[in-house]
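This report refers to the structure that appears directly beneath it.
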């Protein structure tokens, strides 16, 4: 069902929410009809959501790359704002796949800027680069 224009977020609001909100939730399809819904830290770069993780959600995405992601903010009902995305995930399995991704370097910078210091911790002025690669 379409959202009325009065309630819809504009492009600037969407960009701001996706670059500043700490958590998203990703829904993946497990075996059969089971849905796995997982809160994750994320980065928004090049019009894509980047997640760093392992476990059941990655197993699910390898089997079936269809997924949904929601990013929301505010606690009070009348102030809620949310972005829901549906798409096809790509699991970057090795260093070659990472090197071929045109937005991964920017996503790593976004991760470092957003989560530098963690919840309630002082941020380091110049976060070290994230050079983690697929193994």
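The values are calculated or read from the model by the stated rules, or taken from the named source; none is laboratory data. The model shown is predicted, which means the values in this text are computed figures rather than measured ones. Cβ coordinates were reconstructed from backbone atoms using ideal geometry, including for glycine residues, and neighbour counts include every protein chain displayed.
Per-structure values
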read-out	value
Checklist (1) over 17 Å from the mean Cα position of the chain (by Cα); (2) surrounded by 15 or more Cβ atoms within 10 Å (Cβ to Cβ) applied to residue 9, failing item	(2)
Residue within the stretch 95-107 that is surrounded by 11 or more Cβ atoms within 10 Å (Cβ to Cβ), assigned to a strand (DSSP E or B), in contact with a strand residue (DSSP E or B) (Cβ under 8 Å, 6 or more places away or on another chain) and modelled with pLDDT of 95 or more present	no
The stretch 17-29 - residue that is surrounded by fewer than 17 Cβ atoms within 10 Å (Cβ to Cβ) and modelled with pLDDT of 95 or more and, of those, farthest from residue 55 (Cα to Cα)	23
The stretch 46-57, residues that are in contact (Cβ under 8 Å) with a residue 60 or more places away in the chain and part of a loop (DSSP other than H, G, I, E, B)	46, 52
Residue match in the stretch 49-69 (condition: exposed (fewer than 13 other Cβ atoms within 10 Å of the Cβ) and within 15 Å of residue 20 (Cα to Cα))	no
Residue match in the stretch 35-45 (condition: over 10 Å from the mean Cα position of the chain (by Cα) and part of a loop (DSSP other than H, G, I, E, B))	no
Unmet requirement for residue 32, which otherwise passes all of (1) farther than 24 Å from residue 116 by Cα; (2) at pLDDT below 95; (3) surrounded by 12 or more Cβ atoms within 10 Å (Cβ to Cβ)	(3)
